[in-house]
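Trainee: Have a look at this one.
The values are calculated or read from the model by the stated rules, or taken from the named source; none is laboratory data. Everything numeric in this text was worked out from a predicted model, so none of it was measured. Counting neighbours? That spans all protein chains shown, and the Cβs are built from the backbone with ideal geometry, glycine included. To get the accessible areas, we keep the full protein, side chains included, count just its heavy atoms, and leave off ligands, DNA and RNA. Shrake-Rupley method; radii C 1.70, N 1.55, O 1.52, S 1.80 Å.
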Amino acid sequence: MLISRINSPEDLKKIPRKQLPQLAEEIRRKIIEVVGKNGGHLASNLGVVELTIALHRVFNSPEDALIFDVSHQCYVHKMFTGRFNRFETLRKHEGLSGFTRRTESPHDFFDNGHSSTSISQGLGLLTAWELNHKDGKVVAVIGDGALTGGLALEAMNHAGQLQKNLIVVLNDNQMSISENTGAVSKYLSKLTMSHWYQSVRHLIDRTVSLLPNSSRHLGKFIYRFKRAMKGLLLSNNFFTDLGFEYVGPLDGHNIREMEKVFEDVKKLKGPVVVHVVTKKGKGYSPAENDPATFHGIGPFLISDGKVEHFDTTSFTESFSRKMIELGEKNPKIAAITAAMAKGTGLDSFARRFPDRFFDVGIAEEHAVTFASGLAAGGMVSVVAVYSTFIQRSVDQIIHDVALSSFPVVLCLDRAGIVPSDGETHQGMFDISLLSHIPNITMLSPATACDLGLCLEWAVNSNKSVVLRYPKSACPTELKPFESKIEEGRGVFVSCEEFAPGLSLKFDNSGELKKKRSKKVLFVCTGGMLSEVIQAARILMIEDIQADIYSLRFLTGIDIDHLWSYVQGTDGVIFVEDGIISGGVSENLQKKLRELNYDRTSIKALPTHFISQGSRAEICMDTGLDPRSLAEEAVRVVLKK
Ligand SMILES: Cc1ncc(C[n+]2csc(CCOP(=O)(O)OP(=O)(O)O)c2C)c(N)n1
């Protein structure tokens, strides 16, 4: 295999040109094989095989910097930079990250994962290199989806001003995760059409030159037609107007053509955009035909691309269904997402109520402020994004939503522990960031039914509400979670509910014992209910009665209600899938201390970045696995 002989970009440069198609084929096969097993960003990586070959053959990484935006498309780059041997460990616990990571390689300049950062990063890096008299080219590789992010446009604005030799490679496959949306996307299609125009123009020119003199009036007509078409397609180039040179659009699967252009572009002065057109999912028909599903996918069967389906309901599915139901009932509900229609489950709402659905592109800040505008105009806005990406919108939530108490419901999927994607995707900051904002009510539903009730309450509350729920299957339904929502109050789940057999205790002679020796109460965020139930079952076997109080509300908590369940217990264990600092547990622990109750302990995510693994592995790493929770409970109730 050619690919196994490449340990550095220098090795790649030695591969004879005629063997490059074979190399591309080997790379595609390897990506499909590993992502089929481990899951990952298949379609995006299959689309950039030739582009990455051309970039690494022309530029001299790491003397030159290749910066991948989001960096979900960096698999080929990893293979060329000494990581092919470990490629099988992609996205696994302690394996290679699915994104660029500085700790992995000097060829990875940034720890990316969130979108639209590469132009800012590249411009900063280049400026620093110049100030430090270091030579080297800086190339930002950004997708057409990522270009819809405001940060990328802010960076272009600045780059146009600074006029440094920044090279921006625009990888245009007309797809974000789903089909790209918005005016920028339309504009790029127009530019791409100009390529078609150039080819057609040459054909027309040749045909006209062959026409006899008598047909000259036809020639004039054709000339006017050409001019009109050119005006339509090329009159304004957004990039050149911002002060960039523009080259393209190029065929992103033609290595030779790209190499030639990159060689020329290296010599240019000032910033340049090289527009490259690629096909998402190239070379694997299930991904070519359905690039949105294969954007980020779990393990699948290579023969037909089918994904195994489990017989469980996820929080996302539950949200998706409830939104349709609420949308039917209330025509004032509008739904907004930032390029995550499929991931958040809003795609079905979009199909059912297209007039009330808005995909704003990768623009979380705008999504929130747009929602506040809708709310000001009499709508109830539901914004669905991932917890990690709402970090972008903290100011918009404070300034544009909470200050005016607008009825905006923020639904944060992937809150808490997020498997496989690592540090950049954990949903661990939302409680600390958002729960302290005045006028914000925050809820953490624990089951599918609970999510539905919380969402219904939220859209009817006329308040600014945040709902957070994890990427996981919902715990199987428990009756207490069907109870009516009472503001500030959590859901008490007695051990009889989730461990009916275990809740009865017999002594050695077979007599039913009335009481266990000790009693503990777990107070948890909804996303941790599954692990807490398992921990409670372990304790029941060990003669400790364990009940649960699930925090439906993370703000404005009715402390008297909680206290009524805490009284008479030998210990309280708070369990939270957010960072400990500024979390809800810290606050409640303080409140219980004020009531002279101090047999408490907090098990929350540590305040450091958490890398990839399965949910169970991350729980083990952070002490949130059922066994560790049970051990902590024993320590507290036995005062060890
Ligand atoms: C701030 C932010 N919001 C959302 C996402 C989720 N996301 C990851 S990749 C992607 C689409 C990127 O599209 P594009 O840049 O065109 O790359 P492609 O995968 O099409 O090559 C999105 C929305 C993200 N990574 N960061």
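Trainee: Provide the percentage of antiparallel DSSP beta bridges, counting only those with both residues in the chain; round to the nearest 5. Walk me through the intermediate numbers first.
Mentor: Working: 11 of 73 bridges.
Among the beta bridges of the chain, antiparallel pairing accounts for roughly 15 percent.
Trainee: Which whole-angstrom value gives the distance between the alpha carbon centres of the stretch 585-614 and the stretch 368-401?
Mentor: If we compute the Cα centre of each part, the gap is 28 Å.
Trainee: Dipole of the stretch 1-80, Cα-centred, from +1 at each Lys and Arg C-beta and -1 at each Asp and Glu C-beta, to the nearest 20 debye?
Mentor: Dipole about the Cα centre, nearest 20: 320 debye.
Trainee: Sticking with this one: Given a Förster distance of 25 angstrom, what is the FRET efficiency for Asp560 paired with Ser581, based on the Cβ-Cβ distance and rounded to 0.05?
Mentor: Efficiency for this residue pair is about 0.40.
Trainee: What order do Asp421, Asp621 take when sorted by accessible area (1.4 Å probe), most exposed first?
Mentor: Details: Asp421 30, Asp621 95 Å².
Most to least solvent-accessible, the answer reads Asp621, Asp421.
Trainee: What full-extension length gain, to one decimal in nm, is calculated for Asp304 and Asp543 as 0.36 nm per residue of separation minus the Cα-Cα distance? Walk me through the numbers on the way to the answer.
Mentor: Details: separation 239, 0.36 × 239 = 86.04 nm, distance 5.05 nm.
Extending this stretch completely gives an extra 81.0 nm.
Trainee: Subtracting the Cα-Cα distance from 0.36 nm times the residue separation, let me have the gained length for Asn85 to Ser461 in nm, one decimal. Provide the component values of the computation, followed by the final result.
Mentor: Values: separation 376, 0.36 × 376 = 135.36 nm, distance 5.46 nm.
The Asn85-Ser461 span can extend by a further 129.9 nm.
Trainee: Further question on the same structure: Keeping all protein chains in position, work out how much accessible area Tyr246 exposes to a 1.4 Å probe, and write it in Å² to the nearest 10.
Mentor: Counting only protein heavy atoms, the figure is 40 Å².
Trainee: So if we plug the beta-carbon distance of Leu638 and Lys37 into 1/(1 + (r/R0)^6) with R0 = 56 Å, what FRET efficiency do we get, rounded to 0.05? Before the final figure, lay out the partial values.
Mentor: Working: r = 44 Å, r/R0 = 0.79.
After rounding to 0.05, the efficiency reads 0.80.
Trainee: Provide the net charge surrounding Asn180, with neighbours chosen by a C-beta distance below 10 Å and charges set as Lys +1, Arg +1, Asp -1, Glu -1.
Mentor: On the way: positive: Lys186; negative: Asp144, Asp172, Glu179, Asp359.
Local charge sum for Asn180: -3.
Trainee: Between Asp241 and Glu496, how high is the FRET efficiency from 1/(1 + (r/R0)^6) when r is the Cβ-Cβ distance and R₀ = 45 Å? Nearest 0.05.
Mentor: Working: r = 69 Å, r/R0 = 1.54.
With a Förster radius of 45 Å, E is 0.05.
Trainee: Next question. With a cut-off of 8 Å between alpha carbons and a minimum separation of six or more residues, what is the relative contact order of the chain in percent? Write out the running numbers ahead of the final one.
Mentor: Numbers: 1289 pairs, mean separation 72.2, N = 640.
Once divided by the residue count of the chain, the mean separation gives 11 percent.
Trainee: Now, a different point. Report P(r) for the stretch 361-408: all Cα-Cα distances, bin width 10 Å, range 0 to the bin holding the largest distance, values in whole percent.
Mentor: Reading upward from the zero bin: 31, 58, 11.
Trainee: Which percent of the accessible heavy-atom area of the chain goes to carbon and sulfur, probe 1.4 angstrom?
Mentor: Within the chain, the accessible surface is 53 percent carbon and sulfur.
Trainee: With runs of 4+ DSSP H residues as the only contributors, calculate the mean residue ellipticity of the chain at 222 nm using -39,500 (n - 2.57) per run, divided by the residue total and rounded to the nearest 500. Working shown, then result.
Mentor: Values: 25 runs with 255 residues, N = 640.
My calculation for the chain gives -12000 deg cm²/dmol from helical runs alone.
Trainee: If I fit a long axis through the Cα atoms of helix 49-58 and take the longest principal axis of the Cα atoms of the chain, what angle between them do I get, 0 to 90°, rounded to 10?
Mentor: With both axes taken from Cα atoms, the answer is about 60 degrees.
Trainee: Here are some pairs, Lys13/Lys280; Lys14/Lys260; Lys137/Lys260; Lys78/Lys134; which of them have Cα atoms lying more than 22 Å apart in this structure?
Mentor: Numbers: Lys13/Lys280 25 Å; Lys14/Lys260 17 Å; Lys137/Lys260 16 Å; Lys78/Lys134 25 Å.
Too far apart for the 22 Å limit: Lys13/Lys280; Lys78/Lys134.
Trainee: Which residue, chosen from Thr337, Ser404, Met379, occupies the Cα position most advanced towards the positive end of the dipole of the stretch 336-456, where the dipole is computed from +1 (Lys, Arg) and -1 (Asp, Glu) charges on Cβ about the Cα centre?
Mentor: Positive-most Cα among the choices belongs to Met379.
Trainee: Nearest 10 degrees, 0 to 90: what angle lies between the long axis of helix 626-637 and the longest principal axis of the chain (Cα atoms)?
Mentor: The angle comes out at about 40 degrees.
Trainee: Additional query: Around Ser120, under 11 Å between beta carbons, what's the net of Lys plus Arg minus Asp minus Glu among the other residues? Each step should come with its number before you reach the end.
Mentor: Values: positive: none; negative: Asp69, Glu154.
Here the charged neighbours net out to -2.
Trainee: Moving on to the next point. Decide, for the stretch 10-86, between rounded, prolate and oblate: order the square roots of the alpha carbon gyration tensor eigenvalues as a ≥ b ≥ c, take rounded if a/c falls under 1.5, and otherwise choose prolate if a/b is larger than b/c, else oblate. Present the calculation step by step, with values, prior to reporting the outcome.
Mentor: Numbers: a/c = 1.81, a/b = 1.26, b/c = 1.43.
Because a/c hits 1.5 or more and a/b fails to exceed b/c, the stretch 10-86 counts as oblate.
Trainee: In addition: First select every other residue whose beta carbon is under 15 angstrom from the beta carbon of Glu477; then total the charges, Lys and Arg +1, Asp and Glu -1. Please report the intermediate quantities before stating the final value.
Mentor: Numbers: positive: Arg321, Lys322, Lys479; negative: Asp311, Glu317, Asp450, Glu482, Glu497.
The answer is -2.
Trainee: Which is the longest run of the chain containing none of the GluC sites (Glu not before Pro) found in DSSP loop states (not H, G, I, E, B) with at most 15 other C-beta atoms within 10 Å? Don't skip to the answer; put the middle values down first.
Mentor: Values: sites that count: Glu63, Glu94, Glu308, Glu477, Glu486, Glu487, Glu511, Glu542.
Looking at the chain, 95-307 is the longest stretch - no exposed GluC sites (Glu not before Pro) with at most 15 other Cβ atoms within 10 Å.
Trainee: Give me the percent of Cα-Cα pairs in the chain that sit more than 47 Å apart, rounded to a whole number.
Mentor: 25 percent
Trainee: Angle, helix 364-376 long axis vs. longest principal axis of the chain, Cα atoms, 0 to 90°, nearest 10?
Mentor: Rounded to the nearest ten degrees, it is 70.
Trainee: Roughly speaking, what is the stretch gain from Asp598 to Gln534, that is 0.36 nm per residue apart minus the C-alpha to C-alpha distance, in nm to one decimal? List each step's numbers first, then the result.
Mentor: Numbers: separation 64, 0.36 × 64 = 23.04 nm, distance 2.45 nm.
Extending this stretch completely gives an extra 20.6 nm.
Trainee: Decide, for the stretch 296-444, between rounded, prolate and oblate: order the square roots of the alpha carbon gyration tensor eigenvalues as a ≥ b ≥ c, take rounded if a/c falls under 1.5, and otherwise choose prolate if a/b is larger than b/c, else oblate.
Mentor: On the way: a/c = 2.05, a/b = 1.34, b/c = 1.53.
Oblate, because a/c is 1.5 or more while a/b does not exceed b/c.
Trainee: Using a 1.4 angstrom probe, figure out how much accessible area the chain has per residue, in square angstrom, rounded to the nearest whole.
Mentor: Working: 26810 Å² over 640 residues.
It amounts to 42 Å² per residue over the chain.
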